[in-house]
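Accompanying notes for the structure given below.
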Amino acid sequence: MIGYVTIGVSDMARAKAFYTELLSDIGAKVLLDMDRIAFLGKNMGSPMLAVCIPYNQEPNHPGNGNMFSIQLPGKDAVDAHYRKAIELGATCDGEPGQRIPGQFYGAYVRDPDGNKLAFFHFG
């Protein structure tokens, strides 16, 4: 259902490096790079993440209540992606843990621009 999600960033090179490294082990890479905006994903037919310098050339602002999430195959993968994000410069916004008993395991970080993302596993 989701084609892509776009987040505003202040430094394209930093954002592309952060997300390329963070998501490389799940098959994501930069698929299309048009200077001001770059699309990352597995292929153009799957959901993608776009990082961009805002079109209006105003400073980027992380949205209050906005978040995007990355579904992973298990709790170990959630833990590993959380640690990797922190190593790459993200900040903790909720350590890995069981959120809904037996159903939802998640971890939350803020990227170097303050955008919130979650890593999660159902089951």
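Out of all the residues in the range 64-77, which are touching a residue at least 40 places away in the same chain (Cβ under 8 Å) and either surrounded by fewer than 13 Cβ atoms within 10 Å (Cβ to Cβ) or part of a loop (DSSP other than H, G, I, E, B) (or both)?
Within the range 64-77, the subset touching a residue at least 40 places away in the same chain (Cβ under 8 Å) is 66-75, 77.
Answer for the range 64-77, where residues must be touching a residue at least 40 places away in the same chain (Cβ under 8 Å) and either surrounded by fewer than 13 Cβ atoms within 10 Å (Cβ to Cβ) or part of a loop (DSSP other than H, G, I, E, B) (or both): N66, M67, L72, P73, G74.
Looking across the range 6-19, just one residue is surrounded by fewer than 16 Cβ atoms within 10 Å (Cβ to Cβ) and closer than 14 Å to G41 by Cβ, and that is T6.
Is it the case that L31 is surrounded by 14 or more Cβ atoms within 10 Å (Cβ to Cβ), modelled with pLDDT of 95 or more and over 23 Å from G94 (Cβ atoms)? Break it down into steps so the answer makes sense when it comes.
Numbers: surrounded by 14 or more Cβ atoms within 10 Å (Cβ to Cβ): yes; modelled with pLDDT of 95 or more: yes; over 23 Å from G94 (Cβ atoms): yes.
Criteria met by L31.
Cβ separations smaller than 6 Å between residues 6+ apart or across chains give the following pairs from the range 42-60 residues that are under 18 Å from N115 (Cα atoms) and touching a residue at least 12 places away in the same chain (Cβ under 8 Å) to residues that are in a loop (DSSP other than H, G, I, E, B) and polar (S, T, N, Q): P54/N60; N60/S10.
Take the conditions (1) within 15 Å of the chain's Cα centre (by Cα); (2) surrounded by fewer than 16 Cβ atoms within 10 Å (Cβ to Cβ); G41 misses just one of them, which is (2).
Here D113 meets each of (1) crowded, with 17+ Cβ neighbours inside 10 Å; (2) charged (D, E, K, R); (3) outside any loop (DSSP other than H, G, I, E, B) with one exception, condition (3).
The values are calculated or read from the model by the stated rules, or taken from the named source; none is laboratory data. This structure is a prediction, so every number in the text was calculated from the model and none was measured. As a convention, Cβ positions derive from the backbone with ideal geometry for all residues, glycine included, and neighbour counts pool all protein chains shown.
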